[in-house]
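Participant: Below is a structure I'd like to ask you about.
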Amino acid sequence: MSKFWTQSSLGCVRTYYLRPALNFGPSATPLVCLVFSLTSPLYLQILNMLQSSLTKSLRLYSTKAARNRQALERIIRVDHAGELGADRIYAGQMAVLGPVIQHMWDQEKEHKAKFEELIPKYRVRPTVLIPIWNVAGFALGAGTALLGKEAAMACTVAVESVITDHYNSQLRELIHNGEEEHKELIEVIKKFRDDEMDHHDTGLAHDAELAPAYKTMSNVIKMGCKAAVWISERI
Ligand SMILES: [Fe+2]
Ligand SMILES: [Fe+2]
C-alpha cells in the first residue's frame, strides 16, 4: 500500500483515494480515481465476450458479403453471355425474317451493350465460352430461319420464355440479397425482362405455334438454353 493513496476494489473497478496528506488546503476535495484493473477476471470475461461477439459478427458479414459478390458475378457473367447469344440468334434470323425482327434485334444489341458496360464496371470476368456462344447463337438463328418464318419465331418464343424466367429468378435473388445495394442491376434486369416478354409475345403473334414439330423444337431449344445458362454461370 502506497503512502500516497488507499484503494478498494469492486468487481473489475478499482478505486484509488489520495491520502489526506496530498490534499491542498482544508477546502480541497479528495481526488478519486477509478481505473479498470486489466487483470480482473470479470474484466477479462467481458473482454472475451465482446471479442467473441465481434469475431462472430465479422465472420457472418464476410460470409454474406462473399456470397453476395459471387451471386453478382454469376448474374452479370451469365446475362452478358445470354445477351450476346440473343444478338447472334437474331443476326442469324435476319436474312429470313427481315424487318419483322429488326426492332427486337436492336433491343438485343442494347442489352448486350449494357452488359458489356457492366462487366468492367463490376470487375466481372466474362465467360470463357463467348466464342462458342457466338457460333452456336448464329447457327441456332440461321438454322431455325432456314426451316421457315414460323420455326424462327418458335425459336424466339422458346428462348425468350427461358430468359424471362431466368431474369425473374435473378430479380428475386438480388432483392433478397439487398434491394438498395443492387438497385442499378435490378432496374436493368427488370427493363430487359420486360423487353424479352415482348419478344416472346411477338413470336407468338407471328405464328410460332404453327411451326413444324413446334412442341419438340420448343422443348429442345429450351433445354439447350438452360444448359447454356448453367454452364455460363460457372465458367
Ligand atoms: Fe435480351
Ligand atoms: Fe430478347
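Participant: First select every other residue whose beta carbon is under 13 angstrom from the beta carbon of ILE89; then total the charges, Lys and Arg +1, Asp and Glu -1.
Facilitator: Every neighbour counted, the sum reads -2.
Participant: Which ³J(HN,Hα) values in Hz, rounded to whole numbers, follow from the phi angles of the range 116-121 under the Karplus curve 6.51 cos²θ - 1.76 cosθ + 1.60, where θ = phi - 60° and Gly and Pro get x?
Facilitator: Calculated HN-Hα couplings, in order: 5, 7, 6, 4, x, 4 Hz.
Participant: Separate question: List the lysines whose alpha-carbon lies under 22 Å from that of LYS56, not counting same-chain residues fewer than 8 positions away?
Facilitator: Straight-distance partners of LYS56: LYS64.
Participant: So who's got an amide H within less than 5 Å of the one on HIS206, skipping anything under 5 residues away but keeping other chains? H placed 1.01 Å off N, in plane.
Facilitator: Under 5 Å from the amide H of HIS206 lies no amide H from a residue far enough along the sequence or on another chain.
Participant: Let me ask something else. Once you have all Cα-Cα distances for the range 61-234, histogram them in 5 Å bins from zero and send the whole-percent values.
Facilitator: P(r) over the range 61-234, rounded to whole percents: 1, 9, 18, 23, 20, 13, 8, 5, 2, 1, 0.
Participant: Taking a cut-off of 20 Å between Cα atoms, list the lysines near LYS121, but don't count ones fewer than 8 places away on the same chain.
Facilitator: Filter leaves LYS109, LYS112, LYS183, LYS190, LYS191.
Participant: I need the peptides 68-77, 175-184, 210-219 ranked by packing, meaning the mean over residues of other C-beta atoms within 10 angstrom, with the highest value on top.
Facilitator: Most protected by this proxy first, the peptides run 68-77, 210-219, 175-184.
Participant: Out of residues 5 or more away from GLN7 or on other chains, whose amide H comes under 5 Å of its own, with H placed 1.01 Å from N in the peptide plane?
Facilitator: Distant-sequence amide H within range of GLN7: TYR17.
Participant: Here's something else I'd like to know. Spelling out what I want: for every residue of the range 171-184, take phi, set θ = phi - 60°, compute 6.51 cos²θ - 1.76 cosθ + 1.60 (Karplus), and round to whole Hz; glycine and proline get x.
Facilitator: 4, 4, 5, 5, 5, 5, 6, x, 4, 6, 4, 10, 3, 4
Participant: Moving to a separate point now. In whole Hz, with x marking every Gly and Pro, tabulate ³J(HN,Hα) for the range 204-218 from phi via Karplus 6.51 cos²θ - 1.76 cosθ + 1.60, θ = phi - 60°.
Facilitator: 5, 5, 10, 6, 3, 6, 8, 5, x, 6, 3, 4, 4, 4, 4
Participant: Using the 2.2 N^0.38 Å rule of thumb for compact globular proteins, work out how the range 47-130 stacks up: its C-alpha Rg over that value, please.
Facilitator: Compactness ratio reported: 1.75.
Taken together, the values in this text are just the output of simple stated rules run on the coordinates, not laboratory data. This one's a predicted model, so the numbers in the text were calculated from it and none came from an experiment. Cβ atoms come from the backbone with ideal geometry, glycine included; neighbour counts cover every protein chain shown.
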